[in-house]
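Engineer: My structure is below; once you've seen it, I'll send some questions.
The values are calculated or read from the model by the stated rules, or taken from the named source; none is laboratory data. Keep in mind that this is a model prediction, so the values were computed, not measured. Here the Cβ positions follow ideal geometry from the backbone for every residue, glycine too, while neighbour counts run over all protein chains shown. Only protein heavy atoms, including side chains, enter the accessible area calculation; ligands, DNA and RNA are left aside. Shrake-Rupley method; radii C 1.70, N 1.55, O 1.52, S 1.80 Å.
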Amino acid sequence: MDDDKKFMKRAITLARKGAGKTSPNPMVGAVIVKAGKIIGEGYHKFYGGNHAEIEAINSAKESVKGATIYVNLEPCSHYGKTPPCANRLVEEGFEKVVIAMLDPNSKVAGQGIEILKKNNIKVIVGVLEEEARQINEIFVKYITRKIPYVYLKYAMTIDGKIASTTGDSKWITNDKSRQKVHELRNRVGAIMVGIGTIIADDPSLNTRINRRTRKDPIRIILDSEGRIPLTAKVLNIDSNSKTIVVVTKKAKPIKIAAIEETGAEILVINQKNEKVDLVSLLKVLGNRGVDSILIEGGGEVSYSALTDNLVDKVMAYIAPKIIGGSSAPTPVGGMGILQMVDAIELINIKRKVYGQDILIEGYVKKRGK
């Protein structure tokens, strides 16, 4: 069992190399072991490319017949961009397949394993399952519910402020923390902010990492009345992704036309409490293939997403700085939760340190569960 964990951990490490490049497919790694030694390994490098099992087979230093292969997700059993991996494992004569987790898609879950077992291949399932599920948390939610996985990220001082009373927020956190945020931007399908953030900070909302394969997330601006300045960076940026300005019927047609002339897309969504209905928006985005969203501001958007039970994971970067100010903005605005018993809770907390900054991340405990 210790060897199984060791080789599965390697498969998961390989899988992470596909971060930001495999969507809407999952991240998968594979390790082939024979006589206790690794003879081949690979990972799913990009959407449409070879699956991890095939990459590992192609890299093998010797015959894989009679070997064991470790994969963090059940081998596929259907034709998609590539042929079924389960069938290929049978053809190659593997003796054993060790799998971290089943395919979360109820329509195909277990079918790959069934093919293997019918051909007398020993199958073990559940090795490092929780770790495997976490690296593909986006895929798991999207494939089962068809709505995006939602991250809520913010940076604040140790006294809970995201900007000074003058609105200055550059920079609360250090370079290491900001680099981690850009790595997350590279992984998600979209980044979402409210119009207040655009007007106050005029951010580019792109990805700034030193990789040739980097990508910008789709930029989604919540702007119920269509107030976005036509000079905003998000409307004039040279990027490999698009900008979507989400409005309601309160936006004037002449402004909508002007925004569209910049090349941005206008998306009209129903309103809730005089603002964009986020529940409706996420359904529309999910139907368009957006599998994940990073919410980066501001406080009103964060409050709406949290109280609508839409946030899956919170990532709070805390800098050891104090700026004070009773009117200085905080990460979550809105009316606030009136009773502590109703407070939104985080579970499965992890803490990481980047220089002097601390990252606290946890999953939102869904109400009613």
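Engineer: Can you pull out every residue in the range 185-236 that is over 21 Å from the mean Cα position of the chain (by Cα) and on the phi > 0 side of the Ramachandran plot?
Structural biologist: D202, G226
Engineer: Also: State all residues of the range 245-277 that are open to solvent by less than 10 Å² (accessible area, probe 1.4 Å) and in a helix (DSSP H, G or I); if no residue qualifies, say none.
Structural biologist: If the condition is that a residue be open to solvent by less than 10 Å² (accessible area, probe 1.4 Å) and in a helix (DSSP H, G or I), then I259 is the only one that fits.
Engineer: Further, regarding this structure: Is the range 121-129 home to any residue that is more than 25 Å from N210 (Cβ to Cβ), within 21 Å of the chain's Cα centre (by Cα) and surrounded by fewer than 16 Cβ atoms within 10 Å (Cβ to Cβ)?
Structural biologist: Residues of the range 121-129 that are more than 25 Å from N210 (Cβ to Cβ), as a first pass: 121-129.
So of that shortlist, the ones also within 21 Å of the chain's Cα centre (by Cα) come out as 128-129.
Adding the requirement that they be surrounded by fewer than 16 Cβ atoms within 10 Å (Cβ to Cβ) leaves 129.
Within the range 121-129, one or more residues are more than 25 Å from N210 (Cβ to Cβ), within 21 Å of the chain's Cα centre (by Cα) and surrounded by fewer than 16 Cβ atoms within 10 Å (Cβ to Cβ).
Engineer: Hey, another quick one. I'm checking my understanding of the structure. Among residues of the range 68-98 that are part of a helix (DSSP H, G or I) and open to solvent by 20 Å² or more (accessible area, probe 1.4 Å), which one is farthest from I12 (Cα to Cα)? Spell out how you get there, then give the answer.
Structural biologist: Filtering the range 68-98 for residues part of a helix (DSSP H, G or I) gives 85-92.
From what's left, open to solvent by 20 Å² or more (accessible area, probe 1.4 Å): 87-88, 90-92.
On the way: N87: 22, R88: 21, V90: 23, E91: 24, E92: 23 Å.
Ranking the candidates gives E91 first.
Engineer: Tally time: how many residues in the range 314-369 are of a type in the set (D, E, K, R), open to solvent by 70 Å² or more (accessible area, probe 1.4 Å) and out of contact with any strand residue (DSSP E or B) (no Cβ under 7 Å at 6 or more places or on another chain)?
Structural biologist: Here is the first cut: in the range 314-369, the residues of a type in the set (D, E, K, R) are 321, 342, 345, 350-352, 357, 361, 365-367, 369.
Filter once more, so that each one left must be open to solvent by 70 Å² or more (accessible area, probe 1.4 Å): 321, 342, 345, 350-352, 365, 367, 369.
Now narrow it down to the ones that are out of contact with any strand residue (DSSP E or B) (no Cβ under 7 Å at 6 or more places or on another chain): 342, 345, 367, 369.
Final tally of qualifying residues: 4.
Engineer: Does the range 300-322 contain any residue that is on the phi > 0 side of the Ramachandran plot and not in a loop (DSSP other than H, G, I, E, B)?
Structural biologist: Initially, the range 300-322 is screened for residues on the phi > 0 side of the Ramachandran plot, giving 309.
Those left that are additionally not in a loop (DSSP other than H, G, I, E, B): none.
For the range 300-322, residues on the phi > 0 side of the Ramachandran plot and not in a loop (DSSP other than H, G, I, E, B): absent.
Engineer: Take the range 272-282 and flag every residue that is under 16 Å from I218 (Cβ atoms) and out of contact with any Ser or Thr (no Cβ under 6 Å at 6 or more places or on another chain).
Structural biologist: Once the filter is applied, which keeps residues that are under 16 Å from I218 (Cβ atoms) and out of contact with any Ser or Thr (no Cβ under 6 Å at 6 or more places or on another chain), the range 272-282 yields L281, L282.
Engineer: A follow-up question, please. Which residue out of A19, A15 is within 22 Å of the chain's Cα centre (by Cα), within 24 Å of R214 (Cβ to Cβ) and modelled with pLDDT of 95 or more?
Structural biologist: Working: A19 fails: modelled with pLDDT of 95 or more.
On inspection, the qualifying residue turns out to be A15.
Engineer: Next question. Quick one: what pairs do we get from the range 15-44, first residue over 22 Å from E95 (Cβ atoms), second open to solvent by 20 Å² or more (accessible area, probe 1.4 Å) and part of a strand (DSSP E or B), C-beta under 6 Å, 6+ apart or different chains?
Structural biologist: These pairs meet every condition: A15/Y43; K17/Y43; G18/Y43.
Engineer: Here is a list of conditions, (1) among the small types (G, A, S); (2) surrounded by fewer than 18 Cβ atoms within 10 Å (Cβ to Cβ); (3) farther than 27 Å from L282 by Cβ; (4) modelled with pLDDT under 95, and S106 meets all of them except one; can you say which number that is?
Structural biologist: Unmet for S106, out of (1) among the small types (G, A, S); (2) surrounded by fewer than 18 Cβ atoms within 10 Å (Cβ to Cβ); (3) farther than 27 Å from L282 by Cβ; (4) modelled with pLDDT under 95: (3).
Engineer: A follow-up question, please. Could you check V301 against (1) over 24 Å from I199 (Cβ atoms); (2) within 19 Å of the chain's Cα centre (by Cα) and say which number it fails?
Structural biologist: (1)
Engineer: Still on this model: For a quick check of your reading of the model, give me the residue pairs whose first member lies in the range 177-189 and is over 15 Å from V290 (Cβ atoms) and free of Cβ contacts under 8 Å to residues at least 60 places away in the same chain, whose second is of a type outside the set (F, W, Y) and part of a loop (DSSP other than H, G, I, E, B), with beta-carbon atoms closer than 6 Å and at least 6 apart or on different chains.
Structural biologist: H182/T207; H182/R208; H182/I209
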